[in-house]
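The values are calculated or read from the model by the stated rules, or taken from the named source; none is laboratory data. Note that the structure is a prediction, hence the values are computed from the model and not measured. So basically every Cβ, Gly included, is an ideal-geometry build from the backbone, and we count neighbours across all protein chains shown.
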Amino acid sequence: MDIFDKIDRNMATDLGQYAAIGDGYLAYPKLEGEVGPWMKFRGKDVLTWSLNSYLGLANHPEIRKVDAQAAADWGLAYPMGSRVLTGNSDIHETFERQAAEFVQKDAAFLLNFGYQGCVSIVHTLTDRRDVIVYDQLSHACIMDGMSISMAKRFVFAHNDMEQLENRLKKAQKIVEKTGGGILVITEGVFGMRGDTGRLDEIAALKEKYNARLFVDDAHGFGVMGETGIGTGEHYGVQDKIDVLFCTFAKSMAGFGAFVAGDEKVVRYLKYNMRSQIYAKSLCMPMTVGAIKRLEMLRTMPELRSNLWNIVNKLQNGLKERGFDIGDTQSPVTPVYLHGSEIEAIGVVADLRENHKIFASAVVYPVVEKGVIMLRLIPTAHHREEDVDYTLDAFDAVSKKLAEGVYKDPAFVGLLKQ
């Protein structure tokens, strides 16, 4: 068989199916203009609820100034090489000290990219003697990390503590024979549904079974907790998280990430993470910019206050109007509707073309068959009038969905115009 023979078959499933009807619309759409609540989509102004700039830092004037000055001072190439050879600097180490202090850990290690960094952490921490026990809804980067790990792994149903304990019992029996250890993996905030990992209960179980806890807090860092440290602070168990992963792509509106924990763990990762040893270090403008972003997270609580004001208005408004938003405990706001995949396309097209609202839709297999999930991301830069406008639009669309309007294939035609 030619290795390319499977392409047609595989492109008929998952995201590939949208290449034929929705390329550039449902998949790979182009939002243009200044990053913010209102942007351009196919030449039209749209109210955008699909960007992860939680605190509105993507286009904050202070951030733009620091980023531009750092680019002028350093260019995009410096430093050249990986951190371990020629790509280290005082500025990289300054960020690491400040990040560790902020998240209340002994040490931190700056990573060039979030996704590959998380993959590499899982791979580096485990070997064939170990067992990984992970939440069913763990992010793709965690799944990819496990795919290249030699460790045995057990999955537990999302936030099911009884099943987690059963898995830990099995893992304990295995490592007693192999001489390995147990790594429990979960997320602080689950990026699709918006609910949180039950970190307090998980922390208690990991101590009971002598396991270590790795938390991917990409969506919680800078947003959750009284001071924005993250979901560990929210649950009062920040000190129980053994390995903490935080990305810049959400609250800090950049790229890159860091991992934090005990000094010896971080030092081990620095000398063993292949994604950092064999890849270029984070460029200087983003490193300088990360220091500024972290400073703003620490010293400007009004950004987080503005965010949660919008979050609460949006989520309360949706619930008051009868919409199902699941169990979200974070800014991530899923809106669950019922309909087919074709109807989902109609909903998205109507929102974008007739209501000027850009919202991302998720269908099976990410959610159950017959469910349409519209995923909204409120930010500190949205206004209360943006929320009111959106609530009215969702009322109109929901009514049409119930009436079967979106079964009309004409709505699919909007994608090709």
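Please indicate, with yes or no, whether at least one residue in the range 36-54 is surrounded by fewer than 17 Cβ atoms within 10 Å (Cβ to Cβ), of a type in the set (A, V, I, L, M, F, W, C) and at pLDDT 95 or above.
yes
Which of the residues belonging to the range 42-88 are part of a loop (DSSP other than H, G, I, E, B), aliphatic (A, V, I, L, M) and without any contact (Cβ under 8 Å) to a residue 12 or more places away in the chain?
Leu85
Which members of the range 269-297 meet the condition of being within 21 Å of Lys105 (Cα to Cα) and exposed (fewer than 15 other Cβ atoms within 10 Å of the Cβ)?
Listed by number, the residues that qualify are Tyr271, Asn272, Glu295.
Taking Lys240, is it surrounded by 21 or more Cβ atoms within 10 Å (Cβ to Cβ) and basic (Lys, Arg)?
Considered against the rule, which asks whether it is surrounded by 21 or more Cβ atoms within 10 Å (Cβ to Cβ) and basic (Lys, Arg), Lys240 comes out as no.
What's the number of the condition Val133 fails, among (1) in contact with a helix residue (DSSP H, G or I) (Cβ under 6 Å, 6 or more places away or on another chain); (2) more than 15 Å from Ala203 (Cα to Cα)?
(2)
Just one of (1) in a helix (DSSP H, G or I); (2) touching a helix residue (DSSP H, G or I) at 6+ places or on another chain (Cβ under 6 Å); (3) within 17 Å of Ile325 (Cβ to Cβ) trips up Pro378, so point out which.
Of the numbered conditions (1) in a helix (DSSP H, G or I); (2) touching a helix residue (DSSP H, G or I) at 6+ places or on another chain (Cβ under 6 Å); (3) within 17 Å of Ile325 (Cβ to Cβ), the odd one out for Pro378 is (1).
If you go through the range 154-169 one residue at a time, how many are exposed (fewer than 14 other Cβ atoms within 10 Å of the Cβ) and either farther than 21 Å from Met143 by Cα or in contact with a strand residue (DSSP E or B) (Cβ under 7 Å, 6 or more places away or on another chain) (or both)?
Summing the residues that are exposed (fewer than 14 other Cβ atoms within 10 Å of the Cβ) and either farther than 21 Å from Met143 by Cα or in contact with a strand residue (DSSP E or B) (Cβ under 7 Å, 6 or more places away or on another chain) (or both) in the range 154-169 gives 2.
Take Met80 and tell me if it is outside the structural domain of Ala218 (by TED's automatic domain parsing), of a type in the set (A, V, I, L, M, F, W, C) and on the phi < 0 side of the Ramachandran plot.
Taking the combined requirement at face value, the residue does not satisfy it.
Taking the condition β-branched (Val, Ile, Thr), out of contact with any Phe, Trp or Tyr (no Cβ under 6 Å at 6 or more places or on another chain), closer than 25 Å to Gly117 by Cα and assigned to a loop (DSSP other than H, G, I, E, B), does Thr94 pass?
No: the conditions fail for Thr94.
Considering only the range 373-399, how many residues are polar (S, T, N, Q) and within 17 Å of the chain's Cα centre (by Cα)?
Of the residues in the range 373-399, 1 are polar (S, T, N, Q) and within 17 Å of the chain's Cα centre (by Cα).
Out of (1) at pLDDT below 95; (2) over 29 Å from Gln136 (Cβ atoms), the odd one out for Leu282 is which?
(1)
Does the range 211-223 include one or more residues that are farther than 19 Å from Ile121 by Cα, in contact with a Ser or Thr (Cβ under 7 Å, 6 or more places away or on another chain), among the small types (Gly, Ala, Ser) and assigned by TED's automatic domain parsing to the domain that holds Gln98?
Scanning the range 211-223, I find at least one residue that is farther than 19 Å from Ile121 by Cα, in contact with a Ser or Thr (Cβ under 7 Å, 6 or more places away or on another chain), among the small types (Gly, Ala, Ser) and assigned by TED's automatic domain parsing to the domain that holds Gln98, so the answer is yes.
Condition first: farther than 14 Å from Thr124 by Cα and out of contact with any Lys or Arg (no Cβ under 7 Å at 6 or more places or on another chain). Can you find one or more residues in the range 265-275 that meet it?
No: zero hits.
Out of everything in the range 133-173 that is β-branched (Val, Ile, Thr) and under 25 Å from Gly220 (Cα atoms), what residue ends up being nearest to the chain's Cα centre (by Cα)?
Here the answer is Ile142.
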